[in-house]
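Quick notes on the structure that follows.
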Amino acid sequence: MTTDSSSTKRTDGISTFKGQERALRADRLGTGGLLLSVLAATAPLMVVAGVMPTTFAVMGIVGQPLLFVLLGVILVLFGIGYAEMSRHVHNAGAFYAYISRGLGGTAGASAALVALVAYNALQVGIYGIFGFEVSGLFATYAEMEVAWWIPALVAALAVGALGWLKIDVNAKVLGVLLVIEVALVVIFDIAAVADPGKEGLSLHAFNPDTLTGAGVGTALCFCIAAFLGFEQAPVYAEETSRPHVLVPRVMFLAVGGVAVFFAVSSWALTVATGPSAIVGESQKQSAGLLFNLTESRLGGTFTDVLHILFVTGMFAAMLSFHNVVARYAFAMGREGLLPAAFGRTTGTSGAPGTGSLLQTVVSVVIVAAFAFADDKPTGDPTEPVLHLFTWGGNIGALGVILLMAAASFSVVVFFVRRGAAGTQAWRLVTSAVAGIALLVVAGYTVKDFDVLVGAGPDSSLSWLLPGIIGLALVVGLAQGLFLRARSPEAHARIGLGNEAFQLDKAASS
């Protein structure tokens, strides 16, 4: 190994800079750790207590359990090609790396910026509802008035600190929180089945007739957000020992598990209230529906614990999304789409420290901005909190849906160009079907964005907020075109990840 004052070149072809590697540490995650890391982003309790009642109330669709089954099928179709790509491409910038390999570096640059913006929006949005809920816990149990932004900022700093630790440490934190959270929801499901409402153990919610009406498309938008997280598995590919085996395995376990879990849990809500009453009760009680149902069946102590786990589950989701953003920033820095400092790991933890710091700064700045808005309320003091959550969540969901659609079509192009269309034919068909279905969902998301964020049909928010994703897409394309014209070598490296360093080694030998 040779050294100079600032850099080294290792024998494996991966360059380092003052002890900072330009590759993530391998062998940090096994199947369990990887599965827990991606499932934490789904925030099961937040979905059951928040997303499900909102979907019932706003859309009036009783067949939400069936929607989860249908979305599970669509996402399994997506996962078939996506998983196959993961056997060929191991890169922390999963979405944009895959899109680069299929649709080219310019499209990859655009996808990279969309992913960075989308996952930041998803993560930061949760701080709003997190701060609101923690503030409520202080008021209820300690009789203290705490502004929502104080626990939100504390959480942002705690998440940032954990982001600098080894990913296996993060996986343990996420795992403990997730297992307890899921266990409590399962207990509610069992209690609902054991003590159903007036209509008994009705399966009406799985009747296809319940999916008729104008609200089905928008309900799909609400429900697909509950699945977000499974697609993150390839982001951790470099940190697993056998990415070609573990990543596909974890993705299918995650999609299947989430679909079944949420279908059963949303059905349990209809059983507990009765299918004919679920919409009305959701409109009346909103996020309080689950807690009122557990109060009557499982008692006050269980419900108090559920409230606390509701908060810790959100923390786990924030940490999971934080880790993903940090790794996207790392991959982008390594390939010239962000400053080179982002493309280096930090210290003995091997974590993408600069990317983690970026995400923490973004979180703190946005929370501070909404806190400032909270000091000047326009009638409803909870508006900044609810806006942060709904705006961020739906902006992020739209971005990820578009990325999944683009990745699906990229799978088709990738294998056709490699001359593998015949051997991969069935995977290409499933990817094309999934891509079309996801574009339909994205279309409904844009069309009904005013409903998703609670704005009026004539509100400028209906185009300004999805316009953030559109702007990221256009700016990313411009960056890709600039690199192609001014730096063809850098453009050619987009999406290559560690392979670029191996090519450098081969060229210099």
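The values are calculated or read from the model by the stated rules, or taken from the named source; none is laboratory data. In this text the structure is predicted, and so the values were computed from the model without any measurement. All Cβ positions, even for glycine, are placed from backbone atoms using ideal geometry, and neighbour counts span all protein chains on display. Heads up: the accessible areas ignore ligands, DNA and RNA and are worked out on the full protein's heavy atoms, side chains in. Shrake-Rupley method; radii C 1.70, N 1.55, O 1.52, S 1.80 Å.
Do any residues in the stretch 249-265 that are at pLDDT 90 or above have Cβ atoms under 7 Å from those of residues that are open to solvent by 40 Å² or more (accessible area, probe 1.4 Å), where the two are at least six apart or on different chains, and which pairs are they?
So the pair list comes out as Ala259/Val69; Ala263/Val69.
Mind listing just one residue for me: the one in the stretch 137-162 that is within 26 Å of the chain's Cα centre (by Cα) and open to solvent by less than 30 Å² (accessible area, probe 1.4 Å) and, of those, farthest from Phe310 (Cα to Cα)?
Within the stretch 137-162, the match that is farthest from Phe310 (Cα to Cα) is Gly160.
Just checking, how many residues over the stretch 119-136 are buried (at least 24 other Cβ atoms within 10 Å of the Cβ) and either of a type outside the set (A, V, I, L, M) or under 23 Å from Leu483 (Cα atoms) (or both)?
8
Being more than 28 Å from Gly353 (Cα to Cα) and either open to solvent by less than 10 Å² (accessible area, probe 1.4 Å) or in a helix (DSSP H, G or I) (or both) narrows it down to one residue among Leu293, Leu319; which is it?
Result: Leu293 is the single residue among Leu293, Leu319 that is more than 28 Å from Gly353 (Cα to Cα) and either open to solvent by less than 10 Å² (accessible area, probe 1.4 Å) or in a helix (DSSP H, G or I) (or both).
Can you name the condition, by its number, that Ala111 falls short on among (1) surrounded by fewer than 20 Cβ atoms within 10 Å (Cβ to Cβ); (2) in contact with a Ser or Thr (Cβ under 9 Å, 6 or more places away or on another chain); (3) aliphatic (A, V, I, L, M); (4) modelled with pLDDT of 80 or more?
(1)
Using beta carbons and a limit of 6 Å, which pairs, at least six apart or on different chains, have the first residue in the stretch 195-224 and in contact (Cβ under 8 Å) with a residue 60 or more places away in the chain and the second one open to solvent by 30 Å² or more (accessible area, probe 1.4 Å) and among the charged types (D, E, K, R)?
Asp195/Arg297
Can you work out which of the residues in the stretch 449-473 that are at pLDDT below 85 and within 14 Å of Leu220 (Cα to Cα) is most open to solvent (accessible area, probe 1.4 Å)?
Applying the filter and picking the extreme gives Val451.
Looking at the stretch 75-87, which of its residues are surrounded by 24 or more Cβ atoms within 10 Å (Cβ to Cβ) and under 13 Å from Ala259 (Cα atoms)?
Leu75, the sole residue that qualifies.
Residues are listed down the side, and each one gets a yes or a no for (1) of a type in the set (Gly, Ala, Ser); (2) part of a helix (DSSP H, G or I):
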| residue | (1), (2) |
| --- | --- |
| Leu66 | no, yes |
| Val76 | no, yes |
| His88 | no, no |
| Tyr98 | no, yes |
| Ala121 | yes, yes |
| Met144 | no, no |
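What do you reckon, is Thr301 more than 25 Å from Leu39 (Cα to Cα) and assigned to a helix (DSSP H, G or I)?
Yes.
Can you go through Thr378, Thr346, Thr382 and tell me which one is at pLDDT below 85, open to solvent by 20 Å² or more (accessible area, probe 1.4 Å) and touching a strand residue (DSSP E or B) at 6+ places or on another chain (Cβ under 9 Å)?
Thr346
Among the residues of the stretch 294-301, is there at least one that is modelled with pLDDT under 95 and closer than 23 Å to Leu439 by Cα?
no
Which of (1) surrounded by fewer than 21 Cβ atoms within 10 Å (Cβ to Cβ); (2) assigned to a helix (DSSP H, G or I) is the odd one out, the single condition Phe310 does not satisfy?
Phe310 satisfies every listed condition except (1).
For Ser276, all conditions in the list (1) surrounded by fewer than 20 Cβ atoms within 10 Å (Cβ to Cβ); (2) part of a helix (DSSP H, G or I); (3) at pLDDT 90 or above; (4) not acidic (Asp, Glu) hold save one; what is the number of the exception?
(2)
From Val216, Val193, Val182, which residue is open to solvent by less than 70 Å² (accessible area, probe 1.4 Å), under 29 Å from the mean Cα position of the chain (by Cα) and modelled with pLDDT of 85 or more?
Val182
Would you be able to say whether some residue in the stretch 199-211 is surrounded by 15 or more Cβ atoms within 10 Å (Cβ to Cβ) and modelled with pLDDT under 90?
Checking the stretch 199-211: at least one residue is surrounded by 15 or more Cβ atoms within 10 Å (Cβ to Cβ) and modelled with pLDDT under 90.
Looking only at the stretch 43-64, count every residue that is open to solvent by 10 Å² or more (accessible area, probe 1.4 Å) and either part of a helix (DSSP H, G or I) or touching an Asp or Glu at 6+ places or on another chain (Cβ under 7 Å) (or both) and tell me the total.
Matching residues across the stretch 43-64 total 7.
Check whether at least one residue in the stretch 236-246 is among the acidic types (Asp, Glu), modelled with pLDDT of 85 or more and either in contact with a Lys or Arg (Cβ under 6 Å, 6 or more places away or on another chain) or surrounded by fewer than 24 Cβ atoms within 10 Å (Cβ to Cβ) (or both), and report yes or no.
no
Can you tell me how many residues within the stretch 437-472 are farther than 17 Å from Val400 by Cβ and part of a helix (DSSP H, G or I)?
7
Checking Arg484 against (1) modelled with pLDDT of 85 or more; (2) open to solvent by less than 80 Å² (accessible area, probe 1.4 Å); (3) touching a His at 6+ places or on another chain (Cβ under 8 Å), which single condition isn't satisfied?
It fails just one condition, (2).
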